[in-house]
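J.: Sharing a structure, written as structure tokens. Questions coming.
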Amino acid sequence: MSAIKLDKLPEKVILPLKQHDGIACAPLVKKGEEVVIGQKIGDCEGSDLAYIHSPYCGTVESVVEMPNPSGKRVLSVIINPLECADSVDFIPEKDATPSRLLEIIKEAGIVEYYQKPTYLALKPGKRIDTLIMNATFPLIANAYLDSLDKVLKGFRLMLEAGGISRGAIVIRADDKESIKAFKNAKVDGKPLTVAPIIGKRHADYYFEDSEDEIIVLAGGKITYTPTMMNLLSGDVMGRKIPLGYEPADVHVAVCGVKSAKAVYDAVYEGKPYLENVITVSGAVNRPGSVLVKFGTPIKDVIEACGGYKGEPGKVIINGTRVGVAIYSDESPVAKDTTGIVVQTKDEVLRDVSSACIHCARCVDVCPMNLLPGRIAVMADQGMYEKCGEYYALSCIECGDCAAVCPAKKHLVQLIRFSKLQLLKMCAEAEPAEVTE
Amino acid sequence: MTTFTVSPPPHRRSKISIKTLMWGRVAALVPISLAAIYFFGFAALGNIAASILGAVIIEFAIEKAFKYELTILDGNAVYIGLLLALICPPTLPAWMIFLAAMFAVGIGKHAFGGIGSYVFHPALAAWVFLSLSWAQDMLPGTTPITSSFSDMILETGAGFLGDVSPILVLLTGVALIAMKLVEWRIPVTYLLTTVILAVLLGDPVSYVITGTFLLGVLFFATETVTTPVTKNGRIIYGILCGVLTVLYGYFSGNYVWGTLYALLLSNAIAPYIEVNTLPKPVGGVAHE
């Protein structure tokens, strides 16, 4: 299944100067200026940055605050695109050293699916022994199967850049199309090993037996969303991450399929991170995966998918579980957008929350083994220390508890609020410890 | 321009609501109620009607008086009323059960803070209220013994309404578990513990498996409000219910009362079980 492409030029392109959860860039262009494809239009300084490049050529209409897929207004460069193919010179660098590779990745502004710039994910400053590629979003993984060799080459480059010795690609066990494609794929002329994860047979078990640098693992039937790092590491590597630690602390780095392809483009073709595959599902006439250039308004993406089916009620960015419902389909697609879900007016939920009946459904579904209902009650009453005692900070905000709640309580929001308060309390408590 | 709804996630939820859970339980009790009416006749019908009516009227009165939102349609009051009628003898005068149902919902439920907040199962509390106030009227005519399979289908020695057909209670209760409206941990551990302990102590199982006991296992013990929410806590709660049932039943010789008193006591211990079985999150806690 290949991705749908946009054949029409959008009327207006909105490029937010902050497309991931990090530092916002400063605009490098002014109103009326001409830009070409691949031109750097946003520059920033700091440690958690992703430069912004223009995927279109045209004239800058203005630099103003515009709606962003995250629901907030962000300073954006607005471009009137033209039918032209002028671009900056893309210089491929095939024999780059690891440090140069990292530099190229940083320069290209590549961002992981979990909001971290790729250069930071690959070299977090701690010893990393395995790079996991999360290919458990079937629609997105399938859209990249046509260019699988490029993805695999990009993955090799990432291993090289990070100085990581082993790479594990994780796919869903029920994603037959991907499994078939990976079985037929070759790295350095050798076929890939596709192995299942059963019980305690984690990645280490297969790495011991084979001399391959990269193996493919078919995990369970879970799609590991950005917050599910702990489970990804636990299921694939058998290394669970204790509360307050990162994947890097258990020597694991995580990347996505998109960024691997982007790394290939950056190194072998010299192109910065300009386009992405996103999924469009729900009430549209032709749902599927779409190859979109960043900055394209969502309404143009929907149009490429055949337009809305029925009267649209809600447009949700990044999934129905934890996604953001946006107020305008003029918002652009950004680097951290993975999917769009459209719901009709009838599908929009109108539940009213009522009292908790302690049915423990939230406890049964919680992948982190928490008591979501209890934490939410205490967060509601402002007992944040108590929330901490019930391990509120371990919550990965997957939204499963809220989805099954028969009382329709806003569990995720309550727990998230208690987490914010707890972190604030920790931050306030820290200076006192230093002075002691 | 089209307008879009903006709301917090999740944007898609399970269709199951409190209403579904409660009316599902009521529906599961309909077969046994019909069997009781068939067996006991109008006395049973009158008691069931009086009990449900009492529960609904007092719920309506309290919610109107305190200007709460009316919650009769969520089925909780109907469920409590129906359950209360099933653990009373058919010979009980209808006005007594009417009063008891008012006690169940008025004191047992609303005085403790309404749905989700009561400590003791309202129907059990009302049963104790009846037993203490009119002990003579609450004595069942006979004590059921399911000695053959036909007793499981229609128990001629039924003392309470719920005793008439143990198999109907069992089937509908298991159906609720299969439909995932009721969680399996408590009923399974409760049933196993009771049967194993009774056999070990030498009591015939035919004394134990009665309609009221099965109601206790599948409906009273699984009342989510009065049980611990932790996974291990629910297993301990089930075992505790079983142990207490056998303790009462073995020494008093009456497993019907044993079940109800054991459940009442277990309700009281449930919060204690819960706070002592708090789970550790996946991955553990690095620094406490």
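The values are calculated or read from the model by the stated rules, or taken from the named source; none is laboratory data. Please read these numbers as outputs of a predicted model, since none were measured by experiment. Heads up, the Cβs are rebuilt from the backbone with ideal geometry, glycines too, and the neighbour counts pull from every protein chain shown.
J.: Would you call residue B:150 among the hydroxyl-bearing types (Ser, Thr, Tyr) and in contact with a Leu (Cβ under 7 Å, 6 or more places away or on another chain)? Working first, answer last.
T.: Working: among the hydroxyl-bearing types (Ser, Thr, Tyr): yes; in contact with a Leu (Cβ under 7 Å, 6 or more places away or on another chain): no.
For residue B:150, the condition - among the hydroxyl-bearing types (Ser, Thr, Tyr) and in contact with a Leu (Cβ under 7 Å, 6 or more places away or on another chain) - is not met.
J.: Of all residues in the range A:364-374, how many are within 20 Å of residue A:240 (Cβ to Cβ) and crowded, with 19+ Cβ neighbours inside 10 Å?
T.: 5
J.: Going by the conditions given, is residue A:398 within 12 Å of chain B (Cβ to nearest Cβ) and either outside any helix (DSSP H, G or I) or modelled with pLDDT under 85 (or both)? Walk me through how you get there before you give the answer.
T.: Working: within 12 Å of chain B (Cβ to nearest Cβ): yes; either outside any helix (DSSP H, G or I) or modelled with pLDDT under 85 (or both): yes.
Here the answer is yes, as residue A:398 does meet what is asked.
J.: Additional query: Hey, among A:403, A:379, which residue is in contact (Cβ under 8 Å) with a residue 12 or more places away in the chain, within 7 Å of chain B (Cβ to nearest Cβ), farther than 14 Å from residue A:357 by Cα and assigned to a helix (DSSP H, G or I)? Working first, answer last.
T.: Values: A:379 fails: within 7 Å of chain B (Cβ to nearest Cβ).
Unique residue meeting the criteria: A:403.
Matching residues to (1) among the small types (Gly, Ala, Ser); (2) modelled with pLDDT of 85 or more; (3) assigned to a helix (DSSP H, G or I):
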| site | (1), (2), (3) |
| --- | --- |
| A:56 | no, yes, no |
| A:59 | no, yes, no |
| A:63 | no, yes, no |
| A:77 | no, yes, no |
| A:101 | no, yes, yes |
| A:105 | no, yes, yes |
| A:109 | yes, yes, no |
| A:113 | no, yes, no |
| A:126 | no, yes, no |
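J.: Another one. What are the pairs with Cβ atoms under 7 angstrom where one residue, in the range B:10-28, is in contact (Cβ under 8 Å) with a residue 40 or more places away in the chain and within 11 Å of another protein chain (Cβ to nearest Cβ) and the other, located anywhere, is surrounded by 18 or more Cβ atoms within 10 Å (Cβ to Cβ) and in a helix (DSSP H, G or I)? Sequence gap at least six, or different chains.
T.: Every condition considered, the pairs that remain are B:18/B:74; B:19/B:74; B:22/B:74; B:22/B:76; B:22/B:79; B:24/B:176.
J.: Applying the selection to the range A:195-232, what residues are under 26 Å from the mean Cα position of the chain (by Cα), within 23 Å of residue A:160 (Cβ to Cβ) and without any contact (Cβ under 8 Å) to a residue 60 or more places away in the chain?
T.: Matches in the range A:195-232: A:204, A:213, A:215, A:216, A:217.
J.: Give me the residue from the range A:321-348 that is within 9 Å of chain B (Cβ to nearest Cβ) and in a strand (DSSP E or B) and, out of that set, farthest from residue A:403 (Cα to Cα).
T.: So the residue we want is A:326.
J.: Another question about this same structure. Any idea which of (1) surrounded by fewer than 22 Cβ atoms within 10 Å (Cβ to Cβ); (2) at pLDDT 90 or above; (3) of a type in the set (A, V, I, L, M, F, W, C); (4) more than 26 Å from residue B:183 (Cα to Cα) is the one residue A:340 doesn't satisfy?
T.: If we test residue A:340 against (1) surrounded by fewer than 22 Cβ atoms within 10 Å (Cβ to Cβ); (2) at pLDDT 90 or above; (3) of a type in the set (A, V, I, L, M, F, W, C); (4) more than 26 Å from residue B:183 (Cα to Cα), just (1) comes out false.
J.: When the range B:76-119 is examined, which residues are found to be at negative phi, within 14 Å of chain A (Cβ to nearest Cβ) and not aliphatic (A, V, I, L, M)?
T.: Residues satisfying the conditions are B:76, B:79, B:109, B:110, B:112, B:117, B:118.
J.: Does the range A:410-424 contain at least one residue that is assigned to a helix (DSSP H, G or I), of a type in the set (A, V, I, L, M) and facing chain B (nearest Cβ under 10 Å)?
T.: Among the residues of the range A:410-424, at least one is assigned to a helix (DSSP H, G or I), of a type in the set (A, V, I, L, M) and facing chain B (nearest Cβ under 10 Å), which makes the answer yes.
J.: Can I ask one more? For the range A:232-298, please list each of the strands (runs of 3 or more DSSP E) lying entirely inside it that holds at least 2 residues being modelled with pLDDT of 90 or more, in the same structural domain as residue A:159 (by TED's automatic domain parsing) and over 30 Å from residue A:312 (Cα atoms).
T.: Values: elements: A:252-256, A:275-282, A:288-293.
Answer list for the range A:232-298: A:252-256.
J.: Among the listed residues B:282, B:243, identify the single one that is crowded, with 19+ Cβ neighbours inside 10 Å and out of contact with any strand residue (DSSP E or B) (no Cβ under 6 Å at 6 or more places or on another chain). Write out each step before concluding.
T.: On the way: B:243 fails: crowded, with 19+ Cβ neighbours inside 10 Å.
Every option except B:282 fails the conditions.
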